[in-house]
Amino acid sequence: MMRALYTVTVLELFLGGGGRLLEFGPVTLRMVLFVLCICASMVLLVFHKNKDGGAVLFSLGVSVVYMLVHGLGFFNGAVKGADWADLLSDTQPSLYWMLAPFFAIMLGSVSVVRSTATMLCMSGVVLAIIYLISVVGLWSGILEFDRFYQTLDSTGEFFFRGENFFFYKGFLYLAISSVFLMFMKGRLSSVALLLVIVALTLTLTRGFVISTAAAIIFMLFGLRRWKSLALAFLLTFISGFFVWFYLPGTSAGFSEQREISNNVRLNDLSFMLENASVSTLIIGEGFGSYINERLNIENSFLWIGWKLGVAGLMFWLFPLITAFIYYHRIDKNDLNYNLGSAFFYSILLVYIQTGSNPFLNNPIGLSFVLISLFSLRTLANFSDSREMTGKPITYFDKTGVAIL
């Protein structure tokens, strides 16, 4: 029962974007699953005998610190007279921290970590195929743009790049899955990787190209995969050319949209520099505070720093630092090392990406960071490639990367 709940929750996170695709009035499937996972956490904490005590204590500690840091932000905003709707709006996206105990318990075995990686790869391929079919349909005229636009735009999950391309909030998992697919064996995995990279390029999202390229290049450099590194630079150059120069010219109005987006980001930064005070740096302005007349901005780090101060930034950087420690506890000769590499460098991808799109401080990216954090902890605690049953792990072994 718990494993089924975990599987459904993870697949909904990987495929469901911002969580508004399946909704029943004001309630979404993601909200229902969140409540069920909270209830499951309580049951598991009391009755589950095989849970990792260290992981559970760690997850509970993280949850407590989350409540303290963000509770201060809520209190700070309330004292300054922030609107209650704005206070709740700022608080809600980060509530996924409360699922840390659930993920800590469910990801206590390598088999679950491995199946999670497989689900991630499958989700990325599914997203890529659906997007490529949609783009071909729009290009060819098979899909009527006006009707297609009205249907997708009504969900609040999609943003169109002219009439031929669009962005979906869940496309973050195109980027993440590309890192994992590099370690999958076989020709099909190479085809899947190519599909994902092409789809990722056709989203025309500069942040995706930068974050994915950076994560993969850092990873290949760390693994000393020099031939693959050279190919990664080549693919980055090709993708960059299409995203920055060629494809925007084929999409009417997209260059103007991009220029407006650039100006908004610069204006946000200028506003913060002009209005920041010593108290802003220390404790932030609190939840519900506005940045250049906007409650939310694209850069998560600026958002966190403005609303929570240094304490908030330290808290949100903590998962990356902890993941780095867990990753380096995995023996480089261990068959789990490549799987650990995929998880760690994908976390790095999310942190780079959140500099241009707010993925980290909402369930889309935060859920993956939590899953990866506890996956890395489990991998670090296993000294070889065998579970308690003695069955070897074969999918992510040290056979090189699929890109070769």
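Couple of notes before you dig in:
- Answer residue from segment 123-147, given it is at pLDDT 95 or above and of a type outside the set (Val, Ile, Thr) and is farthest from the chain's Cα centre (by Cα) among those: 137
- Hey, residue 28 among the polar types (S, T, N, Q), under 30 Å from residue 124 (Cβ atoms) and at pLDDT 95 or above or not: no
- Screening the candidates 111, 94 for the property of being at pLDDT below 95 and within 23 Å of residue 186 (Cβ to Cβ) yields one hit, 111.
- One residue from 33, 45 being part of a helix (DSSP H, G or I), within 20 Å of residue 173 (Cα to Cα) and out of contact with any strand residue (DSSP E or B) (no Cβ under 8 Å at 6 or more places or on another chain): 33
- The condition (being modelled with pLDDT of 95 or more and either surrounded by 18 or more Cβ atoms within 10 Å (Cβ to Cβ) or among the basic types (Lys, Arg) (or both)) is satisfied by just one residue among 33, 5, 68, 11: 33.
- Within the option set 337, 345, being in contact with a Lys or Arg (Cβ under 9 Å, 6 or more places away or on another chain), within 18 Å of residue 219 (Cα to Cα) and hydroxyl-bearing (Ser, Thr, Tyr) holds for one residue only, 337.
- Out of 9, 28, one residue alone is among the polar types (S, T, N, Q) and either touching a residue at least 12 places away in the same chain (Cβ under 8 Å) or in contact with a Cys (Cβ under 8 Å, 6 or more places away or on another chain) (or both). It is 9.
- Flag if residue 83 is surrounded by fewer than 20 Cβ atoms within 10 Å (Cβ to Cβ) and of a type in the set (Asp, Glu): yes
- Test: residue in segment 91-110 that is hydroxyl-bearing (Ser, Thr, Tyr), more than 16 Å from residue 361 (Cα to Cα) and surrounded by fewer than 17 Cβ atoms within 10 Å (Cβ to Cβ): yes
- First in segment 120-131 and farther than 15 Å from residue 169 by Cα, second anywhere and of a type in the set (Phe, Trp, Tyr), Cβ under 8 Å, 6 or more apart: 120/14; 120/173; 120/180; 121/180
- Selected residue (only one of 266, 295 is more than 19 Å from residue 351 (Cβ to Cβ) and in contact (Cβ under 8 Å) with a residue 40 or more places away in the chain): 295
- If you go through segment 4-30 and keep only what is in a helix (DSSP H, G or I) and charged (D, E, K, R), you end up with 12, 30.
The values are calculated or read from the model by the stated rules, or taken from the named source; none is laboratory data. Remember, it's a predicted structure, so these values are computed and weren't measured experimentally. No Cβ is skipped: glycine too gets one built from the backbone with ideal geometry, and neighbour counts run over all protein chains shown.
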